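Okay, structure first, notes after.
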Amino acid sequence: MSLLYGRQDISTVVWPENSICDRIWLLENVKGATGILAMRTETVDTELLDAAGPSLKAFSTFSVGYEHLPLEELAKRKIKLGYTPDVLTDGVADIAIMLALMASRNVGEATDVVRKGEWPRCPRSPFLFCGPQLSASAMHPSRTAGFIGFGRIAQATLKRLVPFGVTECIYLGNPNTPPNPKADALLARELSVPSIRRVPLSEIAEKSDVVFVLAPGGPETYHIVDEAFLRRMKPTAVLVNVARGTLVDSDTLAKALRERWIWGAGLDVVEGEPVINADHPLVNEPRCIVLPHVGTASTETRQAMAVLAVENVIAGVLGLPIPAEVYLHWIMPVVSA
């Protein structure tokens, strides 16, 4: 906020409450705005853009995702769009590893016993609360990590897995990007992973000990983790989703956990969030860890996102190059005489 309030050439209007912005207040105060900085929770539509009027030059979203925005409308009105990539890579990768460990080692069931005061009555049986080990061991010397999507966050997650003794990384790449075995081999040497391979989705399901869902949202990836995928997974495998809730069929995942097709799941995102109530089927599965979309919730990450979001909107307002811009020219067709 000091970056905004410290400028004499910009007038800043801020919703003063720690809550979702009141819609009526927003529509009234956005009139004549040159730039808007908004959280993902705000509804951005033609009504809001019309209320701002033709003065609006830039929109900055406090997120790396922008599928919640009306991209065609922004492009048509020549409104520049800023977002916050890169700075959240490490924070989300940390959460991905945490969820993999929590889901595999039955942290949900174990902590419930303590919270409910049942620990004193819990028999100390040899395999109480046991789950599959994430790291390689004498019993299981090989461990395969599978990735649906293999961008910056996925590669940062893999880097964190190396000390666990992961012996193979398999991933599903962007269908618009041709395979590059040489680049995979180079990355494998750089990270000291014996093997990194691009494979079909079915192989991700069949061979992975842990599957990390890290692909973009959208129609192309909707329910990419479906019944067919989950039935192919190992019964000792763990599914981790830190991307978008829409990538995983929630009802089928709940069934897979209930019927023990897979061992467990760790979710930072759930389809339909934030309307996830206590009676949601995934919330009630003891081997499913559900977090309220906190992958970027480290102080360092949120500070970096905040600075970048502010720098984006300031640059857009002043007509300068936006530090992290989503280029929208591909949305509007170019027609020449």
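Where a number appears in this text, it was derived from the coordinates with a stated rule and is not lab data. All values reported here derive from a predicted model rather than from experimental measurement. Every residue, glycine among them, receives a Cβ derived from its backbone with ideal geometry; neighbour counts consider all protein chains shown.
Describe numerically, in nm with one decimal, the distance between label points set 7 Å from Cα along Cα→Cβ at Asn29 and at Ser55.
A separation of 1.5 nm, rounded to one decimal place.
Between Asn284 and Val199, what FRET efficiency comes out of the Förster formula 1/(1 + (r/R0)^6) with R0 = 30 Å and r the beta carbon distance, rounded to 0.05?
Working: r = 33 Å, r/R0 = 1.12.
With R0 = 30 Å, the Cβ-Cβ based efficiency is 0.35.
So what is the 222 nm mean residue ellipticity for the chain from helices alone, if each DSSP H run of at least 4 adds -39500 (n - 2.57) and you divide by all residues, rounding to the nearest 500 deg cm²/dmol?
Numbers: 12 runs with 112 residues, N = 337.
It lands at -9500 deg cm²/dmol.
Write out the trypsin sites (Lys or Arg not before Pro) in segment 94-189 meeting two conditions: DSSP loop, and at most 10 other Cβ atoms within 10 Å of their Cβ. Write down the numbers at each step before the final one.
Details: sites: Arg105, Arg115, Lys116, Arg121, Arg124, Arg143, Arg152, Lys159, Arg160, Lys182, Arg189; in loops: Arg105, Lys116, Arg124, Arg143.
Answer in residue order: Lys116, Arg124.
Residues with amide H under 5 Å of Val326's amide H, sequence separation 5 or more or different chain, H placed in the peptide plane at 1.01 Å from N; which?
Amide H neighbours of Val326: Leu81, Gly82, Tyr83.
If you put +1 on each Lys and Arg Cβ and -1 on each Asp and Glu Cβ, how big is the dipole of the chain around its Cα centre, in Debye rounded to 20?
Numbers: 32 positive and 37 negative charges, 202 e Å.
That gives the chain a dipole magnitude of about 960 debye.
Between segment 268-294 and segment 36-94, what is the C-alpha centre distance in whole Å?
Centre-to-centre distance over Cα atoms comes out at 26 Å.
Along the positive direction of the dipole of the chain (beta-carbon charges: Lys, Arg +1; Asp, Glu -1; about the Cα centre), which of Phe147, Ala324, Asn174 reaches farthest?
Final value for the positive-end residue is Phe147.
Let a ≥ b ≥ c be the square roots of the eigenvalues of the Cα gyration tensor of segment 202-263; is it rounded (a/c under 1.5), or, if not, prolate (a/b larger than b/c) or oblate? Write down the numbers at each step before the final one.
Numbers: a/c = 1.83, a/b = 1.43, b/c = 1.28.
It comes out prolate by the Cα gyration axes.
Amide H of Ser63: which non-local residues (sequence gap of 5 or more, or other chain) have their own amide H closer than 5 Å, using H built in the peptide plane?
For Ser63, the qualifying residues are Thr84.
Just to confirm a number: summing +1 for Lys and Arg and -1 for Asp and Glu over residues other than Thr89 whose beta-carbon lies under 12 angstrom from that of Thr89, what do you get? Intermediate results must be reported in sequence, preceding the final value.
On the way: positive: Arg152, Lys159, Arg160; negative: Asp86, Asp90, Asp94, Glu300.
Spelling it out: positives minus negatives among the neighbours equals -1.
Let me check against my output: what whole-number percent is the relative contact order of the chain, with C-alpha pairs under 8 Å and at least 6 apart? Don't jump to the answer; show the numbers that get you there.
On the way: 601 pairs, mean separation 68.3, N = 337.
Contact order relative to length: 20 percent.
Shape of segment 35-78 from its Cα gyration tensor (a ≥ b ≥ c, root eigenvalues): rounded if a/c is under 1.5, otherwise prolate when a/b > b/c, or oblate? Walk me through the intermediate numbers first.
Values: a/c = 1.61, a/b = 1.48, b/c = 1.09.
Cα axes put segment 35-78 in the prolate bin.
I'd like to know which of Ser55, Val248, Pro123 lies farthest towards the positive end of the charge dipole of the chain, counting +1 on Cβ of Lys and Arg and -1 on Cβ of Asp and Glu.
Toward the positive end, the furthest listed residue is Pro123.
Under a crude label model (7 Å from the Cα following the beta-carbon direction), how far is Phe129 from Asn176 in nanometres?
4.6 nm
With a cut-off of at most 10 other beta carbons within 10 Å, and DSSP calling the residue loop, which GluC sites (Glu not before Pro) in segment 157-264 qualify? Please list them.
Working: sites: Glu168, Glu190, Glu203, Glu206, Glu220, Glu227, Glu259; in loops: Glu259.
Sparse-neighbourhood loop GluC sites (Glu not before Pro): Glu259.
For a label point 7 angstrom out from the Cα of Lys76 toward its Cβ, which stretches of segment 21-51 have the backbone nitrogen within less than 16 Å?
44-51
May I ask you to compute the full-extension gain from Thr111 to Ser2, defined as 0.36 nm times their residue separation minus their alpha-carbon distance, rounded to one decimal in nm?
Length difference between fully extended and current span is 35.1 nm.
Which whole-Hz ³J(HN,Hα) couplings does segment 132-141 yield from phi under the Karplus relation 6.51 cos²θ - 1.76 cosθ + 1.60, θ = phi - 60°, glycine and proline marked x?
With the stated coefficients, segment 132-141 comes to x, 6, 5, 7, 5, 8, 4, 6, 10, x Hz.
Explain nothing, just compute: Karplus ³J(HN,Hα) = 6.51 cos²θ - 1.76 cosθ + 1.60, θ = phi - 60°, for every residue of segment 253-262 in order, whole Hz, x for Gly and Pro.
5, 4, 5, 4, 6, 5, 9, 6, 5, 10
Under the rule of at least 5 residues apart or a separate chain, name every residue whose amide H is placed under 5 Å from the amide H of Ile196.
Sorted by chain and number, the residues that satisfy this are Cys169.
In segment 1-61, which GluC sites (Glu not before Pro) fall in coil by DSSP and have 11 or fewer other Cβ atoms within 10 Å?
Values: sites: Glu17, Glu28, Glu42, Glu47; in loops: Glu17, Glu42.
Taking segment 1-61 and a limit of 11 other Cβ atoms within 10 Å, the loop GluC sites (Glu not before Pro) found are Glu17.
Bin all alpha-carbon pair distances of the chain at 20 Å intervals from 0 and give each bin's fraction as a whole percent.
Per 20 Å bin, starting at zero, the Cα-Cα P(r) for the chain comes out as 28, 51, 20, 1, 0 percent.
Output wanted: per-residue J couplings in Hz (rounded whole) for segment 29-37, from phi through Karplus 6.51 cos²θ - 1.76 cosθ + 1.60, θ = phi - 60°, x for Gly and Pro.
7, 7, 4, x, 5, 8, x, 10, 10
Using the beta-carbon distance between Ala183 and Ala228 and R0 = 41 Å, what value does 1/(1 + (r/R0)^6) give for FRET efficiency, to the nearest 0.05? Mind showing how you got there, number by number?
Details: r = 29 Å, r/R0 = 0.71.
About 0.90, to the nearest 0.05.
Which whole-number percent is the relative contact order of segment 89-290 (Cα, under 8 Å, 6+ apart)? All intermediate terms of the calculation are to be shown ahead of the outcome.
Numbers: 386 pairs, mean separation 44.6, N = 202.
Relative contact order for segment 89-290 comes out at 22 percent.
How large is the Kirkwood hydrodynamic radius of segment 89-290, counting all unique pairs of alpha carbons, in Å?
On the way: mean 1/r = 0.0578 Å⁻¹.
So the Kirkwood estimate lands at 17.3 Å.
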